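First up is the structure itself, then whatever we jot down about it.
The values are calculated or read from the model by the stated rules, or taken from the named source; none is laboratory data. Computed from a predicted model, the values in this text were never measured in an experiment. Using ideal geometry, Cβ is built from the backbone for each residue, glycine included, and neighbour counts are taken over all protein chains shown. Calculation scope for accessible area: heavy atoms of the full protein, side chains included, ligands and nucleic acids excluded. Shrake-Rupley method; radii C 1.70, N 1.55, O 1.52, S 1.80 Å.
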Amino acid sequence: MLFRSRVETDEGVTGWGEAFSNAGWQATCVAIKDIIAPRVTGKDPSNIAQIQNDLHRGLYNTGRSGPVPFAISGLDIALWDIEGKRAGLPVYKLLGGSARTQLPAYASLLRYGDAKMVESKTREAISRGYRYIKLHENKTDIIRAAKRARLENGKNVPLMVDCSCPWTVDEAIAAARELADQNLAWLEEPIYPPDDHSGLARLRTLAPMPVAAGENISNLMEFKRLFEVGAVGIAQPSITKIGGITEMRKIFALGEAHGVVVVPHSPYFGPGLMASIHVCAASAREIPVENYYCDFAETPFGDQIVPKKGMFDVPQTPGLGKDPDEKVIAKMRVG
């Protein structure tokens with residue numbers, strides 16, 4: 001579950017953000033309403049950096065990971081949406097801009113539990129124009145599914161495998177070696193617990209493919225430690241967890257300093273996805289944007305969250321993009 005965060009200014013400008021929650025949605029809801037909102041009501045929304053600093057410092061003892069950073073993320077994304085609207089510019093222009101009007105999407109396939117279905121969906125995604133494919137399968141199915149997908153991919157479409165933290169370090173090393181002939185673009189989140197940075201570093205020295213991780217990290221300093229021990233070649237911060245656009249930019253800079261490529265984790269369907277697109281669009285490097293591979297009958301954000309022939313359009317309207325259709329939100333509301 002993801003929370004859409006709505007922030008209104010006394011000038012009548014509305015910003016939309018998104019906060020991660022998953023199994024702990026009640027805690028994120030409390031953090032937004034009872035911890036974050038009272039601290040920012042009445043503040044100047046353009047003072048984004050100062051608001052971020054005050055929240056992180058003032059709420060340090062509430063946790064550097066979990067509902068409070070998730071709630072801060074939702075607020076920050078909304079504040080950048082407001083800033084773009086007030087300036088009359090899309091957010092990526094505020095972040096430095098680029099000449100890009102599109103970014104490649106990668107098809108982040110669902111977990112099917114069936115190697116034949118993985119093969120079929122891989123074929124389908126490629127036919128729809130996707131240039132990158134990522135798999136999600138259970139521990140026992142990962143290797144078989146990857147090999148079936150590679151048969152469909154050939155050698156021209158990069159293939160990534162998201163393991164969802166199933167293995168010990170030794171098991172991950174063995175699996176990486178078994179996948180050596182698949183020429184993977186990266187092996188993602190292979191070790192449990194996900195904050196075993198030294199274990200990831202050991203795997204990285206032995207794995208025949210790049211190691212990716214970071215979606216479970218919720219603060220900048222943890223990424224700093226991840227980079228300092230050489231744990232990853234691909235870093236995957238999640239904009240709805242890490243502190244929003246403000247903190248994501250810092251991680252991009254930190255990755256650049258450590259020679260780590262940052263490719264955000266973004267299987268979202270609203271402001272979190274749109275914010276990720278804007279941050280990636282402002283990067284000097286072309287970065288593929290994750291697209292959770294499913295089709296919607298209806299969505300509040302319309303076609304702007306739907307790739308076209310494997311490409312996301314970079315929104316050109318002020319802020320994050322077009323505001324959600326509130327009639328659709330009301331129709332879909334569950335609580």
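Some points to look at:
- Taking the range 1-151 as the region of interest, the number of lysine pairs whose Cα atoms are within less than 18 Å, with members eight or more places apart or on different chains, is 10.
- Cα gyration tensor of the chain - equivalent ellipsoid semi-axes, whole Å, descending: 32, 23, 18
- With the cut-off at under 16 Å, measuring from each backbone N in the range 128-150 to a point 7 Å along the Cα-to-Cβ line of Asp170 picks out no residue.
- Largest mean-square fluctuation among Cys163, Cys280, Cys294, in a Gaussian network model of the chain whose springs join Cα atoms under 10 Å apart, belongs to Cys294.
- Estimated at 0.36 nm per residue, the fully extended path between Arg128 and Thr9 surpasses their Cα-Cα distance by 38.7 nm.
- Taking all Cα pairs closer than 8 Å and separated by 6 or more residues, the relative contact order of the chain comes to 21 percent.
- Split the accessible area of the range 59-214 by element, probe 1.4 Å, and carbon with sulfur accounts for 49%.
- Net length gained if the chain between Leu206 and Lys33 were fully extended (0.36 nm per residue, minus Cα distance): 57.7 nm
- Using the 1.4 Å probe convention, the accessible area of the chain works out to 44 Å² per residue with neighbouring protein chains retained.
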